[in-house]
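Working notes for the structure below.
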Amino acid sequence: MDENVQQIGRYEIKREIGRGGMAVVYLAFDPRVERNVALKVLPPRSQLDTDLRNRFEREAKIIASLEHPAIVPIYDYGEHEGQPYLVMRYMSGGGLDERIAANKRLPLAYIALILERIGSALDIAHERGVVHRDLKPSNILLDQYNNPFLCDFGIVKLIKRVATNWQTSTIVGTPAYMSPEQARGARVDWRSDIYGLGVVLFEMLTGRTPYNADSITGLLFMQMEAPVPQLQDLAPELSPVFQPIVNQAMAKEPASRFPSASAIAGAFAGAVRQADTAGARTVADAAAEETHIESPPEGSPEPEQEESAPTPVVRWRPLDIDIPAPDEEDGEAPAGHAWRQLDDG
């Protein structure tokens with residue numbers, strides 16, 4: 001789009017907030033309802049690219065059909081001077097990737113919330129034959145209340161049922177989050193997203209992705225062959241109850257993974273309760289050891305009785321997360337904080 005253009009349709013352009021191989025996203029203002037929006041538009045060079053245009057239009061239709069509380073909603077769709085545009089909710093909280101970078105590890109209670117919401121959104125997509133194929137922290141955006149939303153359906157694949165198999169084949173996605181079958185260029189189904197969610201879970205727990213290599217080829221090989229790293233090697237304070245969940249979500253064989261994204265969320269919530277119970281027992285045992293008093297030798301005089309202090313009560317609550325506040329002006333996040341997920345990998 002020409003930098004001098006200040007308006008697309010009725011939407012007043014404020015600034016560019018994201019750019020990828022498929023589209024450019026602007027922070028815009030809708031004067032009709034007086035709110036900020038994210039306006040996604042194809043760049044001029046793509047006007048003759050039929051594939052890009054079809055992907056863009058497909059994204060609009062898919063988002064509209066997958067109405068869900070944890071999917072970034074679409075407000076409008078149209079064309080401006082021959083260029084299609086998509087108007088979506090502006091997520092002022094930025095991306096989950098930024099939150100992980102700022103906090104290194106996320107609190108368990110917050111991870112449980114993310115898995116619950118994103119897992120439910122993925123299940124709805126899978127039920128309707130939609131595989132996201134590019135699940136990663138930058139494609140999970142946060143609103144002003146830090147609620148997570150799934151976004152960027154630009155490279156999803158609509159899968160068709162052939163006999164008893166849901167299938168599609170194309171190498172696409174982000175190497176650090178690709179399933180083994182994606183890395184091989186094999187047919188993928190909804191279980192590929194289960195693997196991706198497992199990688200995101202690993203990153204939320206440890207602050208880094210499970211595999212790192214000097215080349216894309218090396219990274220893809222690790223996705224296909226390397227065992228899942230041990231969480232406690234990277235975050236020793238974590239309870240071991242979380243390792244089996246990550247192992248199952250990231251199983252090399254699709255049939256060995258969780259049956260749904262929500263199943264990961266349920267297993268994780270149960271593990272958090274188990275870890276909390278074990279932690280409470282550990283604290284109670286330590287307190288008992290600290291307050292243990294040896295019995296006096298037989299025949300020793302009775303000590304004077306002193307008024308005992310009340311027994312302290314140990315109270316537990318979910319950890320708070322250190323969340324950077326958005327800019328005060330217009331309640332907006334700093335430039336570049338939202339829609340960085342537009343990188344198609």
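Odds and ends about this structure:
- Hits in the stretch 208-232 - residues which are small (Gly, Ala, Ser) and in contact with a helix residue (DSSP H, G or I) (Cβ under 6 Å, 6 or more places away or on another chain): 213
- Summed over the stretch 204-250, the residues that are free of Cβ contacts under 8 Å to residues at least 40 places away in the same chain, in a loop (DSSP other than H, G, I, E, B) and of a type outside the set (S, T, N, Q) give a count of 11.
- Any pair with Cβ under 7 angstrom, 6 or more apart, that starts in the stretch 253-280 at a residue that is surrounded by 13 or more Cβ atoms within 10 Å (Cβ to Cβ) and ends at one that is polar (S, T, N, Q) and in a helix (DSSP H, G or I): 257/248; 258/248; 262/120
- Hits in the stretch 187-203 (condition: assigned to a helix (DSSP H, G or I) and of a type in the set (Phe, Trp, Tyr)): 195, 202
- Search result, residues across the stretch 37-95 that are buried (at least 22 other Cβ atoms within 10 Å of the Cβ), over 21 Å from residue 118 (Cα atoms) and at pLDDT below 85: 42, 56
- Each residue in the stretch 58-75 was checked for being of a type in the set (D, E, K, R) and without any contact (Cβ under 8 Å) to a residue 60 or more places away in the chain, and 2 of them qualify.
- Being in contact with an Asp or Glu (Cβ under 9 Å, 6 or more places away or on another chain), crowded, with 18+ Cβ neighbours inside 10 Å and modelled with pLDDT of 95 or more is a condition met by at least one residue of the stretch 210-228.
- Number of residues in the stretch 123-152 that are farther than 21 Å from residue 99 by Cα and either not basic (Lys, Arg) or not in a loop (DSSP other than H, G, I, E, B) (or both) equals 9.
- Count of residues meeting criterion [within 15 Å of residue 229 (Cβ to Cβ) and aliphatic (A, V, I, L, M)] in the stretch 171-199: 2
The values are calculated or read from the model by the stated rules, or taken from the named source; none is laboratory data. Values in this document were obtained by computation on a predicted structure and should not be read as measured data. Note: ideal-geometry Cβ built from the backbone for every residue, glycine included; neighbour counts use all protein chains shown.
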